[in-house]
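All remarks here apply to the structure that follows.
The values are calculated or read from the model by the stated rules, or taken from the named source; none is laboratory data. Note that the structure is a prediction, hence the values are computed from the model and not measured. Neighbour counts run over all protein chains shown; Cβ positions are idealised from the backbone, glycine included.
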Amino acid sequence: MNRKYRKTIIAGNWKMNTLPSEVKSLFAAVKASCGRAAWCRMVLCVPYTHIQQAVKATRDCRISVGAQNLHQSPHGAYTGEVSAPMLKDLGVKYVIVGHSERRQYYGETDVSVREKTLAALEAGLRPIVCVGETLQQRDLGVTNELVTLQVATLLAALDSHSVRKVVFAYEPVWAIGTGRTATAEQAQEVCALIRALLRKSFGTVVARSVPILYGGSMNASNAKELLAMGDVDGGLIGGASLKPEEYAEIVRAANQ
Ligand code: 13P
């Protein structure tokens with residue numbers, strides 16, 4: 001982290017878990033456990049069905065509500081899809097784009113990730129853009145090339161104003177839901193690579209203002225070490241974010 005230049009973000013991704021009827025009590029528990037936590041931004045990315053209640057539950061606190069996906073068009077004949085203006089209208093502030101589960105199961109590509117990111121920015125949402133390699137790609141030694149391609153495809157469509165609204169998340173696919181976390185050094189190396197790409201396109205001042213998160217089996221026991229790395233500006237947390245007390249411990253670990 002480097003709080004001199006950018007905010008720390010501790011974001012939870014609930015994925016397809018919990019019921020709408022549980023939202024009120026889960027948010028009450030998160031609020032009670034986290035307190036004000038002025039040192040970081042807290043974001044919880046919930047299923048679409050939970051958004052209205054989540055926004056209501058966060059009216060009196062510092063937690064922002066995020067969505068987990070969006071469609072790239074603002075409206076139209078796309079049965080079953082949800083657009084950026086719809087999310088914005090509900091009070092959503094962040095949206096995850098290009099999560100590896102969406103890339104793997106729903107055919108999302110670097111090009112669709114770029115379109116969705118632009119749609120989010122156009123509507124005034126902050127996209128949390130996920131990048132990261134599979135185990136096979138890491139073993140082949142092509143992690144840097146792969147992440148460079150994922151990031152560069154997006155950066156080519158941004159300008160120095162819009163890129164400041166983007167949050168990146170480095171999520172190695174092999175670390176997601178596996179309990180196998182990247183080492184702090186591995187996380188730092190790729191987050192630093194992403195920042196170097198930002199620097200190359202937009203210069204130092206812009207590059208140092210963009211938050212880059214790590215995601216993949218982050219929990220209360222490894223968060224402190226990961227967050228101590230200079231280019232790891234927070235976390236995108238799956239399983240552990242479903243347990244309010246553990247999420248709060250990660251929020252506290254960011255206070256260093
Ligand atoms: P886990 O923290 O459950 O590994 O999930 C990470 C993730 O995919 C967050 O988007």
Could you tell me which numbered condition Asn13 fails, if it satisfies all but one of (1) more than 16 Å from the ligand (Cβ to nearest atom); (2) touching a Gly at 6+ places or on another chain (Cβ under 6 Å); (3) of a type outside the set (A, V, I, L, M, F, W, C)?
-> (1)
Hits in the stretch 1-42 (condition: at negative phi, among the β-branched types (Val, Ile, Thr) and touching a residue at least 60 places away in the same chain (Cβ under 8 Å)) | Thr8, Ile9, Ile10, Val30
Considering each residue of the stretch 40-91, count those that are among the β-branched types (Val, Ile, Thr) and over 27 Å from Tyr5 (Cβ atoms), and give that number.
-> 6
Name every residue in the stretch 140-158 that is surrounded by 12 or more Cβ atoms within 10 Å (Cβ to Cβ), under 18 Å from Arg114 (Cα atoms) and aliphatic (A, V, I, L, M), in order of residue number.
-> Leu146, Val147, Leu149, Val151, Ala152, Leu154, Leu155, Ala157, Leu158
Filter the helices (runs of 4 or more DSSP H) completely within the stretch 77-134 down to those with at least 1 residues that are surrounded by fewer than 18 Cβ atoms within 10 Å (Cβ to Cβ) and more than 16 Å from the ligand (Cβ to nearest atom).
-> 84-90, 110-123
Please find, within the stretch 123-152, the residue that is farthest from His71 (Cα to Cα) out of those that are among the charged types (D, E, K, R) and under 18 Å from the mean Cα position of the chain (by Cα).
-> Glu133
Report, ordered by the first and then the second residue, all pairs with beta carbons closer than 8 Å, sequence separation of six or more or different chains, a first member in the stretch 109-125 that is of a type in the set (Asp, Glu), and a second member that is at pLDDT 95 or above and part of a helix (DSSP H, G or I).
-> Asp110/Leu149; Asp110/Gln150; Asp110/Thr153; Asp110/Leu154; Glu122/Ala84
Of the residues in the stretch 87-137, those that are out of contact with any helix residue (DSSP H, G or I) (no Cβ under 8 Å at 6 or more places or on another chain) and among the hydroxyl-bearing types (Ser, Thr, Tyr) number 4
Across the stretch 238-256, what is the number of residues that are touching a Ser or Thr at 6+ places or on another chain (Cβ under 9 Å) and under 14 Å from Ala169 (Cβ atoms)?
-> 1
Do we find that Lys15 is basic (Lys, Arg) and within 22 Å of Asn219 (Cβ to Cβ) in this structure?
-> yes
All positions within the stretch 25-70 that are buried (at least 18 other Cβ atoms within 10 Å of the Cβ) and over 29 Å from Val232 (Cβ atoms) | Gln53
Could you pull out the residue among Val30, Val43 that is assigned to a strand (DSSP E or B) and either within 16 Å of the ligand (Cβ to nearest atom) or under 14 Å from Leu242 (Cα atoms) (or both)?
-> Val43
Kindly check whether there is at least one residue in the stretch 186-206 that is of a type in the set (Gly, Ala, Ser), more than 22 Å from Pro127 (Cβ to Cβ) and surrounded by fewer than 19 Cβ atoms within 10 Å (Cβ to Cβ).
-> no
